[in-house]
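Input: a single structure, listed below in structure tokens.
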Amino acid sequence: MNQEALLSWYRRVQRPLPWRLNPSPWSILLSEILLQQTQMERGILYHQKLLNRFPTIQSMAESSVDEVLLLWQGAGYYSRARRLHALSIEVMEHYGGTLPDTYDELLKLPGVGPYTAAAVSSIAFSRPVACVDGNIRRVMARQTNQENPSAKEVQTFADEQLAVEFPGDWNQAMMELGALVCRPKKPNCIECPIQESCLGIERAHELPLPRKLVKKDVSMDCVVRLDSLGRPELIQRPDSGLFAGLWGPDYDTTLDTDGLDFLGTIQHQLSHRRLIVKVWKGSSEKGTNPNEVALSTLDRRVLNLAGVLLDIP
């Protein structure tokens, strides 16, 4: 693989993402955690919103987890917000408020896995550590003409190809290549700066073979109980499980719906399952202002169906 060609291409066409324009370690870490399971366009919006409110690790550590969750709502996978808040506290308590700069130390922090530790250590601190994500797996499969490379094979490939003098730029170049050129569908091989070394170029659109995900349906009932002012009765969920720590109406697979008004059915897709929720309406004497607590996207959809007025997150 031609390292010079790929780096030159990246430096010429890289997108002006906020964390590249403001490459502080905290900004980079926040971007990597957001982009784990949030699409780029939405990730940029939430990165800016969170960084405006929490410009430093200390500012997040001094806030409550409920405030972080409130700002996070709409970004999905809320356990990331809880772990990010825990990370900020640990960095304040054990690292003097400064993010550690090595792969091994970063890996000790809440919510930081191998990919995030590699990305932050290389991009923020120029540590020679190779990243592996879905984009890089796809580039590797096509470069080596492999249909289903193992995680170990992909990591070995990434380690061997790493440009150790410019690890941050290299890792970002590989990910940018996968996002803009070596795309999952309709790869733009003619624009690829490393097409000469691609062994799978003739069937790039086939590689790697798609992974089969088994998704199951989960059916449940939900009752939205409204007080005389039209405010819903909400409960805060436990610190573990689905939508941990967030607020919402009552869900149950064995809900007694006698005396309740049926409003309709909502289908909500999660990563490995689809929730099929029958929504009912009842009455309550203890409503809550839903705009003052953190709600999941599903909860917002349910409350909208019940006619509850919500602010745009």
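The values are calculated or read from the model by the stated rules, or taken from the named source; none is laboratory data. These numbers were taken from a predicted model, which means no experiment stands behind them. Quick reminder, even Gly has a Cβ in these numbers, built from the backbone with ideal geometry, and neighbours come from all protein chains shown.
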Among the residues in region 53-70, are any under 19 Å from D133 (Cα atoms), assigned to a helix (DSSP H, G or I) and touching a residue at least 24 places away in the same chain (Cβ under 8 Å)?
no
Filter region 277-300 for residues that are surrounded by fewer than 16 Cβ atoms within 10 Å (Cβ to Cβ) and either part of a loop (DSSP other than H, G, I, E, B) or not acidic (D, E) (or both) and give the result.
S283, E285, K286, N289, N291, T297
Subset of region 118-135 that is touching a Gly at 6+ places or on another chain (Cβ under 9 Å) and within 18 Å of Q3 (Cβ to Cβ) - its residue that is surrounded by the fewest Cβ atoms within 10 Å (Cβ to Cβ)
S126
Does P193 satisfy being in a loop (DSSP other than H, G, I, E, B), outside the structural domain of R273 (by TED's automatic domain parsing) and in contact with a Lys or Arg (Cβ under 8 Å, 6 or more places away or on another chain)?
no
Output the residue which, of all residues in region 249-276 that are assigned to a loop (DSSP other than H, G, I, E, B) and either at pLDDT 95 or above or touching a Cys at 6+ places or on another chain (Cβ under 9 Å) (or both), is nearest to Q236 (Cα to Cα).
P249
Tell me, yes or no, whether region 254-273 has at least one residue that is out of contact with any Lys or Arg (no Cβ under 9 Å at 6 or more places or on another chain) and small (G, A, S).
yes
Looking at region 122-151 only, could you name the residues that are within 13 Å of W170 (Cα to Cα) and without any contact (Cβ under 8 Å) to a residue 24 or more places away in the chain?
none
Do we find that R138 is in the same structural domain as L50 (by TED's automatic domain parsing), part of a helix (DSSP H, G or I) and touching a helix residue (DSSP H, G or I) at 6+ places or on another chain (Cβ under 7 Å) in this structure?
yes
Can you tell me how many residues within region 14-47 are part of a helix (DSSP H, G or I) and either of a type in the set (A, V, I, L, M, F, W, C) or loosely packed, with under 14 Cβ neighbours inside 10 Å (or both)?
13
What pairs come out if I take residues in region 175-191 that are under 14 Å from M140 (Cβ atoms) and pair them with residues that are surrounded by fewer than 17 Cβ atoms within 10 Å (Cβ to Cβ) whose C-beta lies under 7 Å away, six or more apart or interchain?
P187/H205
